[in-house]
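**Student:** Quick one: this structure, given as structure tokens, is what I'll be asking you about.
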Amino acid sequence: MMKLFQRKHTITLAAPVNGMYVDLRKAGDTAVTAGFAIEPMEGEIHAPIAGQITKVTDQTVTIAADFGCEYLVQVGTIADALDPQVVNWQVAVGDAVAPDVILATASIDAIHAANQSALVTCGLINKQADDFEISQTGLVSQGNNLATLKVKA
């Protein structure tokens with residue numbers, strides 16, 4: 001099919017955690033092409049979108065969702081190399097998730113005690129978004145719609 005006739009699909013990402021919105025440009029190294037970061041107030045991290053878990057590492061989980069899109073949820077920055085004990089992933093490869101599903105619990109106090117970032121970064125990793133819009137800044141609540149993006153599929 002010619003790319004000219006590809007349809008744009010609108011996708012909404014939910015806040016995965018309660019906390020303070022942080023502009024992605026201030027979040028440090030990340031593979032996210034369109035997304036956001038949140039400085040968490042608590043350690044319960046939920047899925048930002050419905051999909052299937054395709055990869056789990058010490059600091060990240062990857063979710064495959066509609067329209068061939070993949071989303072990354074990252075705790076801390078890549079440069080930090082967090083102690084594997086501070087993030088307890090509650091999901092495994094192949095699990096189906098939705099925004100009400102807990103992906104992980106993280107010890108925010110232990111991360112901060114190690115003088116590391118506890119930022120939770122979320123967003124698209126395998127495509128470029130045609131449009132990306134943040135609907136809320138400042139203090140955000142887990143589960144609230146936080147970002148809208150459009151992708152071609």
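The values are calculated or read from the model by the stated rules, or taken from the named source; none is laboratory data. What you see is a predicted model; the values in this text were computed from it and never measured. In this analysis, Cβ positions are derived from the backbone assuming ideal geometry, glycine residues included, and neighbour counts consider all displayed protein chains.
**Student:** What tally of residues in the range 28-63 results from selecting those that are of a type in the set (S, T, N, Q), farther than 21 Å from ALA98 by Cβ and surrounded by fewer than 19 Cβ atoms within 10 Å (Cβ to Cβ)?
**Tutor:** Count: 2.
Every residue, every condition in (1) of a type in the set (Asp, Glu); (2) over 14 Å from the mean Cα position of the chain (by Cα), yes or no:
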{"site": "MET41", "(1), (2)": "no, yes"}
{"site": "ILE45", "(1), (2)": "no, no"}
{"site": "ILE49", "(1), (2)": "no, no"}
{"site": "ASP58", "(1), (2)": "yes, yes"}
{"site": "VAL61", "(1), (2)": "no, no"}
{"site": "PHE67", "(1), (2)": "no, yes"}
{"site": "LEU72", "(1), (2)": "no, no"}
{"site": "LEU82", "(1), (2)": "no, yes"}
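**Student:** Suppose the filter is exposed (fewer than 15 other Cβ atoms within 10 Å of the Cβ) and modelled with pLDDT of 90 or more; does GLY138 pass it?
**Tutor:** So GLY138 passes the test.
**Student:** Would you confirm, using the coordinates I've provided, whether ILE45 is in a strand (DSSP E or B), closer than 11 Å to PRO16 by Cα, modelled with pLDDT of 95 or more and not charged (D, E, K, R)?
**Tutor:** Yes: the conditions hold for ILE45.
**Student:** Tally the residues that are loosely packed, with under 15 Cβ neighbours inside 10 Å and either among the aliphatic types (A, V, I, L, M) or farther than 24 Å from ARG7 by Cβ (or both), restricting the search to the range 65-89.
**Tutor:** Matching residues across the range 65-89 total 7.
**Student:** Of all residues in the range 116-135, how many are among the polar types (S, T, N, Q), exposed (fewer than 14 other Cβ atoms within 10 Å of the Cβ) and within 13 Å of ASP23 (Cα to Cα)?
**Tutor:** Residues meeting the conditions: 1.
**Student:** When you scan the range 57-153 for strands (runs of 3 or more DSSP E) that lie fully inside it, which ones turn up with 2 or more residues that are within 14 Å of LEU24 (Cα to Cα)?
**Tutor:** 70-75, 120-124, 131-134, 145-152
**Student:** Further question on the same structure: Determine the pairs where a residue that is of a type in the set (Phe, Trp, Tyr), located within the range 127-139, has a partner that is surrounded by 13 or more Cβ atoms within 10 Å (Cβ to Cβ) and at pLDDT 80 or above with Cβ atoms under 7 Å apart, the partner being 6 or more residues away or on another chain.
**Tutor:** Going by the 7 Å Cβ cut-off, the qualifying pairs are PHE132/ALA34; PHE132/ALA147; PHE132/LEU149.
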